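A short reminder: the numbers here are calculations on the coordinates, not readings from a lab. Quick caveat: nothing in here was measured; it's all calculated off a predicted structure. Cβ atoms come from the backbone with ideal geometry, glycine included; neighbour counts cover every protein chain shown.
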Amino acid sequence: MSDDVFDVAGKTIFWGIVIFVVSIIIIAFTIMISSYKDRITGVPGELKADLISQRFTNTADCFAYQDPVTKRTHAGVIDLSKFNDEQMAHCYKTPEEEGFRTFNFGLHLVDTGQETKTNNYFQVKTYRFTKEVMVWDGSEMKKDVLEIFVQESLTRLPT
């Protein structure tokens, strides 16, 4: 056989190996860039929970006091008549079957002693926030501290 046949076979094997190695390098580089992007742009769970929990004290649909005459919502002022499980279900409700896989909250007013929680909150505390708030009890404004306990994404229902 001539050297040309061996030369063609050698080049074919060489280029096959080069294409395989270059493909592996490209795939590895793509995976590295993707994981780096996720690391840089990922939002920490604590920040997500804090942003979601802002609704409890800042919107009239939750617990914020709304003046009946002017309809002005007072952010940071909790209406004690709204601070219950029924209003919490209206404000923030997770699906019954899968809701334990997302954020759930337990709220506690320290001085007043009242508590409320979301429908899938199982006392598994991941984060804890405290906020100084004012509480409107129907006749007067009082200073209080709101403790917000966050349960983040359980893998299964607690037993």
Whole-Hz Karplus couplings 3J(HN,Hα) for region 129-134, θ = phi - 60° and coefficients 6.51, -1.76, 1.60, Gly and Pro as x, run 10, 10, 9, 7, 9, 9
Going residue by residue through region 59-67, the Karplus relation 6.51 cos²θ - 1.76 cosθ + 1.60 with θ = phi - 60° gives ³J(HN,Hα) values, rounded to whole Hz and with x marking Gly or Pro, of 10, 5, 5, 9, 10, 5, 6, 10, 5
For Cα extents along the principal axes in Å, with candidates (1) 105, 39, 23; (2) 47, 33, 29; (3) 54, 40, 33, the value calculated from the shown model is option (1)
Magnitude of the Cβ-charge dipole (Lys and Arg +1, Asp and Glu -1) of the chain about the Cα centre, nearest 20 debye, reported as 180 debye
Sorted by chain and then number, the residues having a modelled amide H within less than 5 Å of the amide H of residue 119, at least 5 places away or on another chain, are 94
When 135, 69, 22 are ranked with the fewest other C-beta atoms within 10 Å first, the list becomes 69, 22, 135
Counting only DSSP loop positions in region 114-159, the trypsin sites (Lys or Arg not before Pro) whose Cβ has at most 15 other Cβ atoms within 10 Å are 125, 156
Non-local residues with an amide H under 5 Å from the amide H of residue 102, with H modelled 1.01 Å from N and Pro and chain starts lacking one, are 153, 154
XL table 93/143; 82/142; 48/143; 82/117; Cα-Cα > 19 Å flagged, in table order, is 93/143; 48/143
Exposed-loop cut sites defined as GluC sites (Glu not before Pro) in DSSP loop states with at most 11 other Cβ within 10 angstrom; longest site-free run of the chain spans 1-95
Calc'd 3J(HN,Hα), region 17-26, phi into Karplus 6.51 cos²θ - 1.76 cosθ + 1.60 (θ = phi - 60°), Hz, glycine/Pro = x, comes to 5, 4, 4, 4, 5, 4, 4, 4, 5, 5
